[in-house]
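So the structure is just underneath, and the comments pick up after that.
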């Protein structure tokens, strides 16, 4: 069958069966126009897929049933579902929180910077100007704190599983961030990304100057980096799995073959192919049809 209805979460007894029965009932109500196959488990009790001959959207009632049980779902074409290249955002996607907010909090400007970050990620502020405004608050501070902050960043659940499993299946991975290379390089190495792209925080005489080096990479640059990375390896945008969480990821996610909003803002949810709200990043592997026994942390 052409499509797969994928369920990911704590799939207690009866949840998958209820979804399948609802899909089957819907097919019968349409005069038997659609077929629904048997449940296939990708990870026992945590992920399954149900073959469907048609693309289906779940009813509001069934979506509410799944949301109440913190179960993510998606209906995707089976053909070409497994992507050949991974491009991911870093802040609030591959790591917990925003690296610049964490730095600012250490330097006593946490609330002011976090408020600007939140508005920028919702698409309410120009990204480049919001970045400059936040960095200006840090002018004159000792740059030695950057290494300390970089080492303290907490990885998201399943981040290494996602990167290493895809790389084990010959999928190159790029970490793309509107944040700063001093943080992104460290996280990329910890997770096993093949490369990274990021902005550069200007440092002079061991001090943060309060300026961002030009050019500043935003949402259009992220898509360009993703496309260039894929093209260099013989792939197109349709071969990319792109994962992000905010306004700065809109073009990258919109243009990818499989664009995922991971616990994202509304502005990204509106353009993503799939919204993952509850599970860890390994959920993006289940979306592609990987089974749990395929998972590896390298």
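Taken together, the values in this text are just the output of simple stated rules run on the coordinates, not laboratory data. Note that the structure is a prediction, hence the values are computed from the model and not measured. Methodologically, a virtual Cβ is constructed for each residue, glycine included, from the backbone with ideal geometry; neighbour enumeration extends over all protein chains shown.
Data for the structure
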| item | result |
| --- | --- |
| Per-residue Cβ neighbour rank within 10 angstrom, fewest leading, 117, 296 | 296, 117 |
| Region 171-267, Cα convex hull volume normalised per residue, Å³ | 112 Å³ |
| Acute angle (nearest 10 degrees) that the helix 159-168 long axis makes with the longest principal axis of the chain, alpha-carbon atoms | 70 degrees |
| Translational diffusion of region 73-140, µm² s⁻¹ [Kirkwood Rh, Cα pairs; Stokes-Einstein; 10 °C; 1.306 mPa s] | 112 µm²/s |
| With Cα atoms, 0 to 90° folded angle of helix 219-232 axis to the chain main axis | 70 degrees |
| Helix 15-29 vs. the chain, principal-axis angle (Cα, 0 to 90°, nearest 10) | 60 degrees |
| Computed Rg/Rh of the chain, alpha carbon atoms with Kirkwood Rh | 1.02 |
| Percent of beta bridges antiparallel (DSSP, the chain, rounded to nearest 5) | 55 percent |
| Projected-area mean, region 1-131, by convex hull of Cα positions, square nanometres | 11.4 nm² |
| Over region 214-298, volume per residue of the alpha carbon convex hull, in Å³ | 119 Å³ |
| At 1.567 mPa s and 4 °C, Stokes D of region 3-77 from Kirkwood alpha-carbon radius, µm² per second | 106 µm²/s |
| Highest to lowest packing among 134-147, 166-179, scored as the average C-beta count within 10 Å | 166-179, 134-147 |
| Residue exposure sequence - 71, 212, 271 - by fewest surrounding Cβ within 10 Å | 271, 212, 71 |
